[in-house]
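Asker: Sharing a structure, written as structure tokens. Questions coming.
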Protein chains: 2
Amino acid sequence: MLGIFDSGIGGLTVVREILRRAPQTSFVYLGDTARAPYGNKSAETIGRYAVEDVAFLLAQGATDIVVACNTASSLALEALRQAYPQTRFFDVITPAVAALHELPQLKKIGVIGTRATIRSGTYEKRLKESLNNSSVQIFSVACPLFVPLVEENWLKRPETKRIARAYLQPLRQHQIDALVLGCTHYPLLEPVIRTSLQKRVQIIDSPSALVSQLEKEAPELLAVGHELRQEYFFTDTSPLTDQIAGRWLGRIIKSRHGELAG
Amino acid sequence: MLGIFDSGIGGLTVVREILRRAPQTSFVYLGDTARAPYGNKSAETIGRYAVEDVAFLLAQGATDIVVACNTASSLALEALRQAYPQTRFFDVITPAVAALHELPQLKKIGVIGTRATIRSGTYEKRLKESLNNSSVQIFSVACPLFVPLVEENWLKRPETKRIARAYLQPLRQHQIDALVLGCTHYPLLEPVIRTSLQKRVQIIDSPSALVSQLEKEAPELLAVGHELRQEYFFTDTSPLTDQIAGRWLGRIIKSRHGELAG
């Protein structure tokens, strides 16, 4: 069974994509809302939190883990593999890089994410390894206000459009060919992001790339099991969380409190 | 010696005010950046965090505690007094309410803060008790994006002005007489907040009201001790934190890592 975690509710965009394409998948989701967001925190803190999050999911019976958070995928994978050498991890960066690899004639790629993700340089490093092409240029921009804007549900407000235009201005100027949405919150801002860039820019979002990878590499995890289990845990529960989560997922959810062994 | 805590760097506006008016004050500051922000979290979580924060400050030798965070002042004071019945606590709400009490002819008061602070209703309750005047109307507005805007250091950007105008529009419409900045981050946005409201609106900020209260009720804490100690701890340290903190305080600070007993 899949265990899926994120710092908060952003990883629900991964759940949404799973439910859209394989609605009978069993999973347990953990959002670490009591310590969210991870995006401005240090690698050491993020690594420690991720290890605790996975301990919770394994105790719930998860066998394979989706790191549905770009910040943790950038900074915590090594810590996770060391702590749980028997467990298979799926991160959100690998499939996004693979999806880019399939686009033809890329010259300039933009990457946006949290401050911690961008500072880690993980996308640049992984893209350069994968493309193996020194003529491709990569432009990275941290967009720290995008997560709070999504959590405020200001998805299409004029203020959000202005902020998007300001953040993405350098990418527009460099005339990028493709943009990686390097944060699981960002697919919800895709319409606003799209209008801030040239029309021809191809947008790669990690939830959809990740589910494609799961379909290919681990179809058994998306298959119908003998008992359907879809559970949501948050380390800090509030009616607002269920409300936002429900709106994103298009269904009513009733989450439970997840107590981490600190 | 004073112990001062906040969820992150916002409480440094209290430190700034102390340094301005009583520069020889000894204190230990703790910013719980590893779990910041508190403003969208539940009362239970905030209470638990505050109790852990104070344990750290007491272990550092603090004798009196400033709760330099409106969210914790709204939601965690009872938990703190129960956990530490011998300790004197100064919160940021009491002095703001007292300062309002001294303004003449108030009819309409606006209060802005984080979602958790506004949802708690603490300001409304305390103001109504204090003013004891049923003809005074109170209008509360949560401004969840203000904290991330401050942490992004977007203090005077056009985007920030637009967001401020959008949040404060109901207060402008109600023609409030005074506004309480119910979050220790907000004094940094005061110029933008001021231009979003009618000119005659009187603005009360809690850091300055709090230091006035300390001068009156606990001058010994602000007096010159035999050894000056001014230390900054953060539960998640990063060069960026020191940089932002230094810019706000107008001095170079070198913070240390604060490890909480979880």
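The values are calculated or read from the model by the stated rules, or taken from the named source; none is laboratory data. Keep in mind that this is a model prediction, so the values were computed, not measured. Positions of Cβ are backbone-derived with ideal geometry, glycine not excepted, and every protein chain shown enters the neighbour counts. Surface accessibility is based on the protein's heavy atoms, side chains included, excluding ligands, DNA and RNA. Shrake-Rupley method; radii C 1.70, N 1.55, O 1.52, S 1.80 Å.
Asker: All but one of (1) touching a residue at least 40 places away in the same chain (Cβ under 8 Å); (2) open to solvent by 10 Å² or more (accessible area, probe 1.4 Å); (3) not in a helix (DSSP H, G or I) hold for A:Val111, so report the exception by its number.
Answerer: In the conditions (1) touching a residue at least 40 places away in the same chain (Cβ under 8 Å); (2) open to solvent by 10 Å² or more (accessible area, probe 1.4 Å); (3) not in a helix (DSSP H, G or I), A:Val111 misses (2) alone.
Asker: Using the structure shown, decide if B:Gly8 is open to solvent by less than 10 Å² (accessible area, probe 1.4 Å), at pLDDT below 95 and within 14 Å of chain A (Cβ to nearest Cβ).
Answerer: Against the criterion (open to solvent by less than 10 Å² (accessible area, probe 1.4 Å), at pLDDT below 95 and within 14 Å of chain A (Cβ to nearest Cβ)), B:Gly8 qualifies.
Asker: Applying the selection to segment B:124-147, what residues are touching a residue at least 24 places away in the same chain (Cβ under 8 Å), open to solvent by 10 Å² or more (accessible area, probe 1.4 Å) and not in a loop (DSSP other than H, G, I, E, B)?
Answerer: B:Arg126, B:Ser130, B:Leu131, B:Gln137, B:Ile138, B:Phe139, B:Ser140, B:Val141, B:Ala142, B:Val147
Asker: Going through segment A:29-87 one residue at a time, which ones are in contact with a strand residue (DSSP E or B) (Cβ under 8 Å, 6 or more places away or on another chain), among the hydroxyl-bearing types (Ser, Thr, Tyr) and within 14 Å of chain B (Cβ to nearest Cβ)?
Answerer: Hits for segment A:29-87 are A:Thr33, A:Thr71.
Asker: Next up: For A:Arg81, state whether it is farther than 17 Å from A:Ile203 by Cα, among the basic types (Lys, Arg) and outside any loop (DSSP other than H, G, I, E, B).
Answerer: Criteria met by A:Arg81.
Asker: Which of (1) of a type in the set (Val, Ile, Thr); (2) over 13 Å from B:Leu75 (Cα atoms); (3) at pLDDT 95 or above does B:Val136 not meet, given it meets every other one?
Answerer: So the condition that B:Val136 fails would be (3).
Asker: Any idea which of (1) in contact with a helix residue (DSSP H, G or I) (Cβ under 6 Å, 6 or more places away or on another chain); (2) farther than 25 Å from A:Ser238 by Cβ; (3) in a helix (DSSP H, G or I) is the one B:Thr117 doesn't satisfy?
Answerer: (2)
Asker: In segment A:159-258, which helices (runs of 4 or more DSSP H) lie fully inside it and hold 3 or more residues that are within 14 Å of chain B (Cβ to nearest Cβ) and surrounded by fewer than 18 Cβ atoms within 10 Å (Cβ to Cβ)?
Answerer: Hits in segment A:159-258: A:239-249.
Asker: If I filter segment B:85-105 for residues that are of a type in the set (A, V, I, L, M), assigned to a loop (DSSP other than H, G, I, E, B) and in contact with a Leu (Cβ under 7 Å, 6 or more places away or on another chain), do I get at least one hit?
Answerer: Within segment B:85-105, one or more residues are of a type in the set (A, V, I, L, M), assigned to a loop (DSSP other than H, G, I, E, B) and in contact with a Leu (Cβ under 7 Å, 6 or more places away or on another chain).
Asker: So, of the residues in segment A:114-123 that are within 23 Å of A:Leu197 (Cα to Cα) and in contact (Cβ under 8 Å) with a residue 24 or more places away in the chain, which turns out to be surrounded by the fewest Cβ atoms within 10 Å (Cβ to Cβ)?
Answerer: A:Arg115
Asker: For segment B:73-91, state whether one or more residues are among the acidic types (Asp, Glu), within 21 Å of B:Tyr186 (Cα to Cα), in contact with a helix residue (DSSP H, G or I) (Cβ under 8 Å, 6 or more places away or on another chain) and in contact (Cβ under 8 Å) with a residue 12 or more places away in the chain.
Answerer: So far as segment B:73-91 goes, yes, one or more of its residues are among the acidic types (Asp, Glu), within 21 Å of B:Tyr186 (Cα to Cα), in contact with a helix residue (DSSP H, G or I) (Cβ under 8 Å, 6 or more places away or on another chain) and in contact (Cβ under 8 Å) with a residue 12 or more places away in the chain.
Asker: Something else now. State all residues of segment A:10-49 that are in a helix (DSSP H, G or I) and under 14 Å from the mean Cα position of the chain (by Cα); if no residue qualifies, say none.
Answerer: Listed by number, the residues that qualify are A:Leu12, A:Thr13, A:Val14, A:Val15, A:Arg16, A:Glu17, A:Ile18.
Asker: Going through segment B:149-158 one residue at a time, which ones are free of Cβ contacts under 8 Å to residues at least 24 places away in the same chain and open to solvent by less than 60 Å² (accessible area, probe 1.4 Å)?
Answerer: Answer for segment B:149-158, where residues must be free of Cβ contacts under 8 Å to residues at least 24 places away in the same chain and open to solvent by less than 60 Å² (accessible area, probe 1.4 Å): B:Glu152, B:Trp154.
Asker: Is it the case, given these coordinates, that A:Glu17 is crowded, with 18+ Cβ neighbours inside 10 Å, of a type in the set (Asp, Glu) and either in contact (Cβ under 8 Å) with a residue 40 or more places away in the chain or over 17 Å from A:Phe234 (Cβ atoms) (or both)?
Answerer: It is true that A:Glu17 is crowded, with 18+ Cβ neighbours inside 10 Å, of a type in the set (Asp, Glu) and either in contact (Cβ under 8 Å) with a residue 40 or more places away in the chain or over 17 Å from A:Phe234 (Cβ atoms) (or both).
Asker: Do we have B:Arg88 as among the basic types (Lys, Arg) and buried (at least 16 other Cβ atoms within 10 Å of the Cβ) here?
Answerer: no
A quick yes/no check of all residues on (1) over 18 Å from A:Glu152 (Cβ atoms); (2) without any contact (Cβ under 8 Å) to a residue 24 or more places away in the chain:
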{"site": "A:His185", "(1), (2)": "no, no"}
{"site": "A:Val192", "(1), (2)": "no, no"}
{"site": "A:Ala218", "(1), (2)": "yes, no"}
{"site": "A:Thr237", "(1), (2)": "yes, no"}
{"site": "A:Asp242", "(1), (2)": "no, yes"}
{"site": "A:Lys254", "(1), (2)": "yes, yes"}
